[in-house]
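Novice: Before I ask anything, here is the structure I am working with.
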Amino acid sequence: MKHISIALCLCGMILMNTSCDNYDDTYPQEYEKILSLQTTGEQAVDLYKTGEATNYSITVIKSGSQPTLTASAHIGAMDAVNFEKYISERGLDYVAMPANCYSFNMEELDYSSAETYKIINLQLNTNEIEIFEQTLEEGQTCVLPIMLTSTSDSILADKNTLVLKPEIITPSLSVTESSSGTVTKYLPQSGGTIALDLGLQVENQWNFTCKVAIDETTTTLEGATLVSDIISFEPGNTSSVQVNIPKFTKTSGNVGIKILEINGKDGFEFDTNPFILVASVEKYSLTADMLSSNAIEPSEGSLANLLDGDIGTYFHSAWSVSIADKHYVQVKLPVSTKTFRFTYTNRSNNGNAALAWFNLYTGTNENKLQLYKRFAWDEDGLPSGAAGVYVSPDVSIDNAANTLRFECESNWTGGSFFVWSEFSLFILSE
């Protein structure tokens, strides 16, 4: 049994490493020569409505023990008899597209002694296919059945058929950096210019422009402007909408941007809803020496783990030793701030020691702290699960502070200790 497994593995390795220059190694050597399609079965093909045809490549392989033998074959649309047999055996409601929907650059294949494969270019006429599909009844599917045949040479029986199933897609212009319609970008406190890439689902081959505008109803960041409201596209090049962000007065804000129209190319679509740019001040560069705690657990979980970018590590407040006071993590900044937000992430494998209630204190030093707020799981949506993330709203205080204390009142299981895997600050410095 062991020898059989090894043999199968070796055969798999041979197939995986077969290239267009070495097709003759693919099949058993009892074939002097045999022809086959490289890609077979049913294949979905995306056709974009651009007013132009779509090219599809088909490779036909010549292999066997005598690779220098000549060969000939024919490739083309499957005849009516074979197509009817194909769909009836499988219970399919397929309809073959008419000849005006496609064209092969070659159908008669003549292999010289030096050739082991040929690549055929199939041109699919999207407009004609769309017109034909409109004539189909409900439940019917338009396909192009392709068959490799030969009157003089052998064809591998299970690799002689390819059925293409076209799906017609209208190109749509959108932000390429996110499928959700929201993109977050970070800038220094002084602001700057943000570029958002716009593109189609297909490589652009055309000259056209689009007009964009800021959507006031979804914009919360005051003072944001567009560098230009006309975005130009050229073949082979990407384009972007550029947004000027003023100096931050809050740690983040939204800029809604909508596409108004496309000019120079008919048929392209775009979402009339605005996409959202979330412009945020950069994360403050905390270091481990800025962090302290009155309840460091001696057996695990250092404070430095909060800043390593790895949710698999964590800080754990004391559980093996008794601490009389409430456990806290304190941040001592080299700058002062009146506006900031913070984020933390729970331990990655469970939320047993996640914060359920905690207090935030601010001040100029640890002896002059004032309670800003008591955060509660129900009112503030504190996460209870493993790797849960909490992102605070902006904290705005009247007196500038450089010392922030996060004090645990209770975790979700009622304990006095807590665990964080990551911690971040976003501040506007004074």
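Novice: Please give the number of the condition residue 163 fails out of (1) buried (at least 18 other Cβ atoms within 10 Å of the Cβ); (2) within 27 Å of the chain's Cα centre (by Cα); (3) more than 17 Å from residue 259 (Cβ to Cβ).
Specialist: Among (1) buried (at least 18 other Cβ atoms within 10 Å of the Cβ); (2) within 27 Å of the chain's Cα centre (by Cα); (3) more than 17 Å from residue 259 (Cβ to Cβ), residue 163 violates only (2).
Novice: Filter the stretch 315-346 down to the residues that are in contact with a Ser or Thr (Cβ under 6 Å, 6 or more places away or on another chain), buried (at least 22 other Cβ atoms within 10 Å of the Cβ) and not in a strand (DSSP E or B) and list them by number.
Specialist: 327
Novice: While we're looking at this one, here's another question. Among the strands (runs of 3 or more DSSP E) contained in the stretch 71-154, which hold 1 or more residues that are over 28 Å from residue 31 (Cβ atoms)? Give the derivation first.
Specialist: Working: elements: 71-77, 94-96, 102-104, 108-111, 117-124, 141-149.
Hits in the stretch 71-154: 94-96, 102-104, 117-124, 141-149.
Novice: Whether any residue in the stretch 193-202 is surrounded by 17 or more Cβ atoms within 10 Å (Cβ to Cβ), under 25 Å from residue 392 (Cβ atoms), modelled with pLDDT of 95 or more and not polar (S, T, N, Q) is what I want to check. Before the answer, list the steps.
Specialist: Residues of the stretch 193-202 surrounded by 17 or more Cβ atoms within 10 Å (Cβ to Cβ): 194, 196, 198-200.
Checking the rest, the ones that are also under 25 Å from residue 392 (Cβ atoms) come to 194.
Then keep just the ones that are modelled with pLDDT of 95 or more; that gives 194.
Right, trim to not polar (S, T, N, Q) and you get 194.
Checked the stretch 193-202: at least one residue is surrounded by 17 or more Cβ atoms within 10 Å (Cβ to Cβ), under 25 Å from residue 392 (Cβ atoms), modelled with pLDDT of 95 or more and not polar (S, T, N, Q).
Novice: For a quick check of your reading of the model, give me the residue pairs whose first member lies in the stretch 123-142 and is touching a residue at least 40 places away in the same chain (Cβ under 8 Å), whose second is assigned to a strand (DSSP E or B) and small (Gly, Ala, Ser), with beta-carbon atoms closer than 6 Å and at least 6 apart or on different chains.
Specialist: What qualifies is 123/103.
Novice: Moving to a separate point now. Is it true that residue 164 is touching a residue at least 24 places away in the same chain (Cβ under 8 Å), hydrophobic (A, V, I, L, M, F, W, C) and assigned by TED's automatic domain parsing to the domain that holds residue 58?
Specialist: Details: touching a residue at least 24 places away in the same chain (Cβ under 8 Å): yes; hydrophobic (A, V, I, L, M, F, W, C): yes; assigned by TED's automatic domain parsing to the domain that holds residue 58: yes.
When the stated conditions are applied, residue 164 passes them.
Novice: Filtering the stretch 192-219 down to residues that are free of Cβ contacts under 8 Å to residues at least 60 places away in the same chain and not in a strand (DSSP E or B), which residue is nearest to residue 428 (Cα to Cα)?
Specialist: 219
Novice: Can you say whether residue 68 is hydroxyl-bearing (Ser, Thr, Tyr), loosely packed, with under 14 Cβ neighbours inside 10 Å and modelled with pLDDT under 95, as far as the supplied structure shows?
Specialist: Numbers: hydroxyl-bearing (Ser, Thr, Tyr): yes; loosely packed, with under 14 Cβ neighbours inside 10 Å: yes; modelled with pLDDT under 95: yes.
Taking the combined requirement at face value, the residue satisfies it.
Novice: For residue 228, state whether it is at pLDDT 95 or above, in a strand (DSSP E or B) and in contact with a strand residue (DSSP E or B) (Cβ under 9 Å, 6 or more places away or on another chain). Walk me through how you get there before you give the answer.
Specialist: Numbers: at pLDDT 95 or above: yes; in a strand (DSSP E or B): no; in contact with a strand residue (DSSP E or B) (Cβ under 9 Å, 6 or more places away or on another chain): yes.
Against the criterion (at pLDDT 95 or above, in a strand (DSSP E or B) and in contact with a strand residue (DSSP E or B) (Cβ under 9 Å, 6 or more places away or on another chain)), residue 228 does not qualify.
Novice: Condition check: in a strand (DSSP E or B), in contact (Cβ under 8 Å) with a residue 60 or more places away in the chain and closer than 30 Å to residue 316 by Cβ. Does residue 280 satisfy that?
Specialist: Values: in a strand (DSSP E or B): yes; in contact (Cβ under 8 Å) with a residue 60 or more places away in the chain: yes; closer than 30 Å to residue 316 by Cβ: yes.
So residue 280 fits the description; yes.
The values are calculated or read from the model by the stated rules, or taken from the named source; none is laboratory data. These numbers come from a predicted model, not from an experiment. So basically every Cβ, Gly included, is an ideal-geometry build from the backbone, and we count neighbours across all protein chains shown.
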